[in-house]
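Q: Sharing a structure here in structure tokens format.
The values are calculated or read from the model by the stated rules, or taken from the named source; none is laboratory data. These numbers come from a predicted model, not from an experiment. Here Cβ is always computed from backbone atoms with ideal geometry, including for glycine, and neighbour counts include all displayed protein chains. Note: accessible area is taken over every heavy atom of the protein model, side chains too, but ligands, DNA and RNA are not part of it. Shrake-Rupley method; radii C 1.70, N 1.55, O 1.52, S 1.80 Å.
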Amino acid sequence: MSQDLDTMIREMREGVPAGRVPARIFNDREVFERELTRVFGKAWCFLAHETEIPKPGDYVTRYIANNNIIVARDEKGEVHAHLNMCRHRGNMMCKSEMGNASHFRCSYHGWVYKNSGELIGVPYFNEAYDKKLDRKQFGLVKVRVDSYAGLIFGTLDPDAESLEDYLGGFQFYLDIYLKQGVNGSEVHGPPDHWVAETDWKICTENFSGDGYHTPVAHQFGFHLGYFPSSGSTHSKGWAVHIPGKGHGIGLGHTPGMQPFFGYPDDLVKQMHESLSPKQLEVFSKTRTAVGSVFPNLSFLIQPLSLEPGDPGVRFCTMRLYHPVGPGRMEMWSWCLVPKDASDEYKKAAYQAYTLAFGQAGTFEQDDFENWTKVTKMTGSTLARDVDFPYIQGLEREPLTDFPGPGYAVEPYVTEDNFRNLWATWARYMEGE
Ligand code: FES
Ligand SMILES: [Fe+2]
């Protein structure tokens with residue numbers, strides 16, 4: 001007989017620091033339902049990259065928990081987020097995932113809203129309402145937004161700490177993805193978007209720095225020579241997390257490789273302007289940077305050879321895991337490129353991204369095959385009382401001379417980041 005959810009989470013608070021995580025958290029209806037309010041109802045959740053909506057009127061629709069949200073840039077250039085629900089009877093206002101519109105008109109009775117959320121048009125205002133409806137009270141429901149280096153986040157919690165405090169120093173590492181050039185990064189085309197029978201948490205964990213799976217799950221890459229000069233050196237590097245915040249990153253090294261290999265010279269020059277000396281110290285040694293912002297946004301930079309054996313090109317992907325049911329999620333995956341990179345580099349980086357990630361990407365398929373099966377198995381009745389070991393690196397001391405913020409350990413293959421992730425998740429689930 002499995003425990004009730006409260007008991008499981010209470011015991012998890014003690015179990016995680018000792019290196020134990022219950023299998024049940026990866027596929028369970030009660031867990032999913034509680035996550036909607038306790039995790040996604042409280043955290044800062046990623047909505048969109050500013051370069052997805054560069055012009056006045058541009059919008060995308062995304063989710064926080066089960067709330068469909070319109071993220072739009074108004075005529076003055078300001079970004080707004082609103083629940084995509086008409087205030088008359090609750091119809092969905094905007095039915096496309098992206099586009100450009102100065103106004104949204106409801107398809108049911110025709111109420112019209114500005115893209116900044118105000119209700120400005122009510123059919124038969126005089127005849128039906130005798131002019132008595134106060135339009136000011138019936139604007140779209142607003143969601144609090146803030147942004148960092150092009151990333152727009154929203155929170156459903158009016159009392160949430162600032163985004164800056166929420167990220168808690170993880171900005172140092174996010175800059176690796178977001179400030180690859182002097183004018184920052186941009187999305188290269190629309191995202192890949194699909195549904196997977198996978199729990200979102202498995203993806204967040206993997207992208208918090210699971211260097212352990214790479215030589216096995218992505219073995220083909222080593223065998224066929226898609227990883228420039230990798231192999232036995234794979235475990236070298238650092239794992240860093242922000243204690244108490246749930247954000248974590250793995251920074252894999254390839255000793256002996258040229259700093260910044262896989263980037264053209266002009267981009268390396270730009271990074272010397274856009275990144276601080278401490279960031280350069282970390283990043284110049286890094287070949288793979290794989291990190292997650294709690295709860296469900298991840299990034300990866302890695303080099304990939306477009307032809308087996310060639311010197312490789314670095315590409316960057318950003319991904320979002322949106323839970324839609326127990327063990328089920330919608331996934332968005334973008335290619336990020338430095339805004340001021342050459343067209344030639346952008347094309348090569350996009351080619352590398354597409355070969356490896358997105359629905360048809362080879363690495364993506366390796367991962368989802370495993371993640372879907374983890375989800376299936378952990379949702380079974382016998383699995384409900386099973387714990388998994390998270391003891392890698394349990395006795396290791398953090399580095400004292402690491403140039404960046406947070407708790408840093410060596411080598412890269414460890415489970416420190418995951419223990420921090422699950423301890424944070426359990427705290428949210430307890431409602432702290
Ligand atoms: S539901 Fe939108 S106008 Fe009636
Ligand atoms: Fe992977």
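Q: Just name the residue that is farthest from ligand 2 (Cβ to nearest atom) out of those in segment 361-401 that are open to solvent by 70 Å² or more (accessible area, probe 1.4 Å) and of a type in the set (Val, Ile, Thr).
A: So, considering only residues that are open to solvent by 70 Å² or more (accessible area, probe 1.4 Å) and of a type in the set (Val, Ile, Thr), the one farthest from ligand 2 (Cβ to nearest atom) is 400.
Q: Limited to segment 106-120, what total is found for residues that are open to solvent by 20 Å² or more (accessible area, probe 1.4 Å) and either within 16 Å of ligand 2 (Cβ to nearest atom) or closer than 14 Å to residue 88 by Cβ (or both)?
A: Qualifying residue count for the region: 5.
Q: Just one of 174, 133, 151, 119 is under 15 Å from the mean Cα position of the chain (by Cα) and not assigned by TED's automatic domain parsing to the domain that holds residue 329; which is it?
A: 151
Q: Sticking with this structure for a sec: Does segment 120-132 contain any residue that is away from ligand 1 (no atom under 16 Å from the Cβ) and within 29 Å of residue 46 (Cβ to Cβ)?
A: Initially, segment 120-132 is screened for residues away from ligand 1 (no atom under 16 Å from the Cβ), giving 126, 130-132.
Going one step further and asking which of them are within 29 Å of residue 46 (Cβ to Cβ), we end up with none.
Taking every residue of segment 120-132 in turn, none turns out to be away from ligand 1 (no atom under 16 Å from the Cβ) and within 29 Å of residue 46 (Cβ to Cβ).
Q: Then there's this: What residue, among those in segment 59-78 that are closer than 18 Å to residue 44 by Cβ and open to solvent by 30 Å² or more (accessible area, probe 1.4 Å), is nearest to ligand 2 (Cβ to nearest atom)?
A: Only one residue fits best here, namely 63.
Q: If we scan segment 315-322, do we find a residue that is open to solvent by 30 Å² or more (accessible area, probe 1.4 Å) and more than 22 Å from residue 63 (Cα to Cα)?
A: No, segment 315-322 contains no residue that is open to solvent by 30 Å² or more (accessible area, probe 1.4 Å) and more than 22 Å from residue 63 (Cα to Cα).
Q: Could you please let me know if residue 128 is more than 16 Å from ligand 2 (Cβ to nearest atom), over 27 Å from residue 247 (Cα atoms) and not assigned by TED's automatic domain parsing to the domain that holds residue 339?
A: Details: more than 16 Å from ligand 2 (Cβ to nearest atom): yes; over 27 Å from residue 247 (Cα atoms): yes; not assigned by TED's automatic domain parsing to the domain that holds residue 339: yes.
When the stated conditions are applied, residue 128 passes them.
Q: Taking the conditions exactly as written (more than 30 Å from residue 194 (Cβ to Cβ) and open to solvent by less than 70 Å² (accessible area, probe 1.4 Å)), does residue 138 satisfy them or not?
A: Details: more than 30 Å from residue 194 (Cβ to Cβ): yes; open to solvent by less than 70 Å² (accessible area, probe 1.4 Å): yes.
Answer is yes for this residue.
Q: Taking only pairs six or more apart or across chains, which ones have beta-carbon atoms under 6 Å, a first residue in segment 196-220 that is closer than 29 Å to residue 33 by Cβ, and a second residue that is more than 11 Å from ligand 2 (Cβ to nearest atom) and in a loop (DSSP other than H, G, I, E, B)?
A: Final answer for the pair search is 199/27; 199/327; 200/296; 204/296.
Q: What number of residues in segment 279-301 are closer than 20 Å to residue 260 by Cβ and touching a residue at least 24 places away in the same chain (Cβ under 8 Å)? Spell out how you get there, then give the answer.
A: Within segment 279-301, the subset closer than 20 Å to residue 260 by Cβ is 279-291, 299-301.
Filter once more, keeping what is touching a residue at least 24 places away in the same chain (Cβ under 8 Å): 279, 281-291, 299-301.
Looking only at that region, the number is 15.
Q: Could you tell me whether residue 98 is more than 21 Å from residue 150 (Cα to Cα), touching a strand residue (DSSP E or B) at 6+ places or on another chain (Cβ under 8 Å) and more than 16 Å from ligand 2 (Cβ to nearest atom)?
A: Numbers: more than 21 Å from residue 150 (Cα to Cα): no; touching a strand residue (DSSP E or B) at 6+ places or on another chain (Cβ under 8 Å): yes; more than 16 Å from ligand 2 (Cβ to nearest atom): yes.
Taking the combined requirement at face value, the residue does not satisfy it.
Q: Something else about it: Can you find, within segment 357-386, the residue that is nearest to ligand 1 (Cβ to nearest atom) among those that are small (Gly, Ala, Ser) and touching a residue at least 60 places away in the same chain (Cβ under 8 Å)?
A: Restricting attention to segment 357-386, the residues satisfying the condition of being small (Gly, Ala, Ser) are 358, 360-361, 379-380, 383.
Okay, now just the ones that are also touching a residue at least 60 places away in the same chain (Cβ under 8 Å), so 358, 379, 383.
Details: 358: 36, 379: 37, 383: 44 Å.
Applying the filter and picking the extreme gives 358.
Q: Still on this structure: Name every residue in segment 35-58 that is open to solvent by 10 Å² or more (accessible area, probe 1.4 Å) and in contact (Cβ under 8 Å) with a residue 60 or more places away in the chain, in order of residue number. Talk me through it step by step, then tell me what you get.
A: Initial filter on segment 35-58 (open to solvent by 10 Å² or more (accessible area, probe 1.4 Å)): 36-38, 41-42, 50-52, 54-56, 58.
Residues satisfying the conditions are 36, 38, 41, 42, 50, 51, 52.
Q: Moving to a separate point now. Looking at (1) modelled with pLDDT of 95 or more; (2) of a type in the set (A, V, I, L, M); (3) in contact with a Leu (Cβ under 8 Å, 6 or more places away or on another chain), find the lone condition where residue 300 falls short.
A: (3)
Q: Counting residues that are open to solvent by 10 Å² or more (accessible area, probe 1.4 Å), within 16 Å of ligand 2 (Cβ to nearest atom) and of a type in the set (Phe, Trp, Tyr), which helices (runs of 4 or more DSSP H) fully inside segment 162-254 reach at least 2? First the steps, then the outcome.
A: Working: elements: 163-167, 171-178, 200-206, 214-217, 219-224.
It comes to 219-224.
Q: Can you tell me which residues in segment 77-114 are touching a residue at least 24 places away in the same chain (Cβ under 8 Å) and away from ligand 1 (no atom under 16 Å from the Cβ)?
A: 78, 79, 80, 81, 96, 97, 98, 99, 100, 102
Q: Would you check if there is a residue in segment 392-405 being in contact (Cβ under 8 Å) with a residue 24 or more places away in the chain and of a type in the set (Val, Ile, Thr)? Let's see the steps before the verdict.
A: Quick first cut of segment 392-405, residues in contact (Cβ under 8 Å) with a residue 24 or more places away in the chain only: 392-394, 399, 402-405.
This time we only want the ones that are of a type in the set (Val, Ile, Thr), so: none.
No, there is no match, as no residue in segment 392-405 is in contact (Cβ under 8 Å) with a residue 24 or more places away in the chain and of a type in the set (Val, Ile, Thr).
Q: Another question about this same structure. May I ask you to list the residues in segment 281-298 that are surrounded by 17 or more Cβ atoms within 10 Å (Cβ to Cβ) and more than 22 Å from the chain's Cα centre (by Cα)? Working first, answer last.
A: Of the residues in segment 281-298, the ones surrounded by 17 or more Cβ atoms within 10 Å (Cβ to Cβ) are 282-283, 285-298.
Once the filter is applied, which keeps residues that are surrounded by 17 or more Cβ atoms within 10 Å (Cβ to Cβ) and more than 22 Å from the chain's Cα centre (by Cα), segment 281-298 yields only 285.
Q: Could you pull out the residue among 239, 196, 217 that is farther than 28 Å from residue 360 by Cα, among the small types (Gly, Ala, Ser) and in the same structural domain as residue 326 (by TED's automatic domain parsing)? Give the derivation first.
A: Numbers: 196 fails: farther than 28 Å from residue 360 by Cα; 217 fails: farther than 28 Å from residue 360 by Cα.
Just a single option satisfies the conditions, and that option is 239.
Q: Additional query: Which one is most open to solvent (accessible area, probe 1.4 Å) among residues in segment 405-432 that are more than 30 Å from residue 38 (Cβ to Cβ) and not aliphatic (A, V, I, L, M)?
A: 410
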